[in-house]
Amino acid sequence: MEQVPTQKAPAVCANGATPTILDPLGDGISSLELVRVSGSDVDVVNAARVSFGKFVTEMDEKEEKLIRYLVKHMHTSPFEHNQLSFRVKTPLFVSRQWMRHRMNSYNEISYRYVKSALEFYVPPHWRYQDNQNRQGSVGSFDDESLKQKYLEGLAHAAKIYEELLEAGIARELARGLLPMCTYTEFIFTCNLHSLIHFLRLRLEPGAQYEIRMFAKGMLKLALPHFPVSLGAWKEFHAPQMEL
Ligand SMILES: Cc1cc2nc3c(=O)[nH]c(=O)nc-3n(C[C@H](O)[C@H](O)[C@H](O)COP(=O)(O)OP(=O)(O)OC[C@H]3O[C@@H](n4cnc5c(N)ncnc54)[C@H](O)[C@@H]3O)c2cc1C
C-alpha cells in the first residue's frame, strides 16, 4: 500500500528564494509555505497607470501614494496581475472552509490515490462552545481526560482504517473513516486581490481560530513581496486586527 510521503521543505523555492515555511498550528505537522510569487508593488502601479499610457520600473513616493489610494478606495483590479502560490498542510476541517474561496486555484492530495499518513490535529487547548455565536468558540482550558478520549477516538478510527485497507477495501471507501482533523495537503494559488479578500474574511475574530492562524501566516509570508499594497491594506482596512 502506498504511503503518503513526508513532505520535506525544498532546498530553494521555484523562484530561487530561500523558502519560508511556517507551522501555523504549532504542532509540528501543520505547514504553510509560499512556494512561488510573481509580481510586485510596481506591477500594481503599472496596471493602474496603463490607463494613462504610463509605465514605471521603480517605486517612489508618487507610486506609493497611488497604491495607498487604490487600496483605500478599493480599486481592486490592479491587484490582479500577480500570483502567489502556497503549499498548505492543514486539517480537513480547515481545508473545507478554505476551499469555499472559489476565486482561486487548488490541487489537493487524493486519499483515493494514496493512503493517508494518519496525521491528526489535536487542539493544544479546548475551547467552550460560544452561547452567543452559534458557530463560535470561547475560552481556553485544559482537560487531560477529554484529551485522552479524543486521542482514543482517533486511534480507533486509524486502526479500523488500516484494517479495511488490509482487507482490500478501496482507499476511496476506507477514507470515509478519516476524522475531520486528519491532515490534508494542497496547493493554493491566488492573486493579491483574492488574497486580500481571503484575509479580510479569515483574519476576523469570527473566523475559526485554526484558519485564522493560516491567514495570519499568509499575510506574514506575502507582506515582504508586496509591502506597500499589503501594508496599506492593513492600515486602512485591518487596523484593529490582531496580526
Ligand atoms: C466566519 C465565516 C463563517 C462562514 N460560515 C459559513 C457557513 O456556515 N456555511 C457556509 O456554507 N459558508 C460559510 N462561510 C463561507 C462563506 O459563505 C463564503 O463562501 C466564503 O467566505 C468565501 O467567500 P467568497 O464567496 O466571497 O469568496 P470567493 O468564492 O473567492 O469569491 C470572491 C468573490 O467573487 C464573487 N463570486 C464568487 N462566486 C460567485 C457567484 N457564484 N456568484 C456571484 N458572485 C460570485 C463574489 O463577489 C465573491 O465575494 C463562512 C465564511 C466565514 C468567513
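Cross-link partners for Lys234 among the lysines, with Cα-Cα distance under 18 Å and sequence neighbours closer than 8 places in the same chain left out: Lys65, Lys72, Lys216, Lys220. How big is the accessible area of Asp27 in square angstrom, nearest 10, if you roll a 1.4 angstrom probe over the protein chains? Rounded to the nearest 10, that gives 50 Å². Normalised by 2.2 N^0.38 Å, where N is the number of residues, the C-alpha radius of gyration of the chain stands at 1.17.
Per residue, the accessible area of segment 90-243 comes to 56 Å², computed with a 1.4 Å probe over protein heavy atoms only. Excluding residues fewer than 8 places away in the same chain, name every one of the lysines whose C-alpha is closer than 26 Å to that of Lys147. Straight-distance partners of Lys147: Lys89, Lys115, Lys159.
Give me the percent of accessible area attributable to carbon and sulfur for the chain, probe 1.4 angstrom. Percent of accessible area from carbon and sulfur atoms in the chain: 52. Across segment 99-219, the relative contact order, built from alpha-carbon pairs under 8 Å that are at least six residues apart, equals 35 percent.
The listed residues Met180, Met103, Met59, Met74, once ranked by accessible area (1.4 Å probe) with the largest placed first, stand as Met103, Met74, Met180, Met59. Scalar couplings 3J(HN,Hα) for segment 24-38, obtained by applying the Karplus form with A = 6.51, B = -1.76, C = 1.60 to θ = phi - 60°, are x, 9, x, 10, x, 10, 4, 7, 9, 10, 8, 8, 7, 9, 10 Hz; x denotes Gly and Pro. Between Arg36 and Ser85, the built amide H atoms are under 5 Å apart, and every one of these is 5 or more places off in sequence or on another chain. Multiplying the residue separation of Ser145 and His73 by 0.36 nm and removing their Cα-Cα distance gives an extension gain of 20.8 nm. Taking all Cα pairs closer than 8 Å and separated by 6 or more residues, the relative contact order of the chain comes to 28 percent. Estimated from helical segments only, the mean residue ellipticity of the chain at 222 nm is -11500 deg cm²/dmol, where each DSSP H run of four or more residues counts as -39500 (n - 2.57).
Rounded to the nearest 20, the Cβ-based charge dipole of segment 128-243 about its Cα centre (Lys and Arg +1, Asp and Glu -1) stands at 460 debye.
The values are calculated or read from the model by the stated rules, or taken from the named source; none is laboratory data. Owing to the predicted nature of the structure, the values given are computational and were not obtained by experimental measurement. Ideal geometry is used to build each Cβ from the backbone, glycine not excepted, and the neighbour counts take in all protein chains shown. For the accessible areas, the whole protein counts, side chains as well, though only heavy atoms, and no ligand, DNA or RNA atoms are used. Shrake-Rupley method; radii C 1.70, N 1.55, O 1.52, S 1.80 Å.
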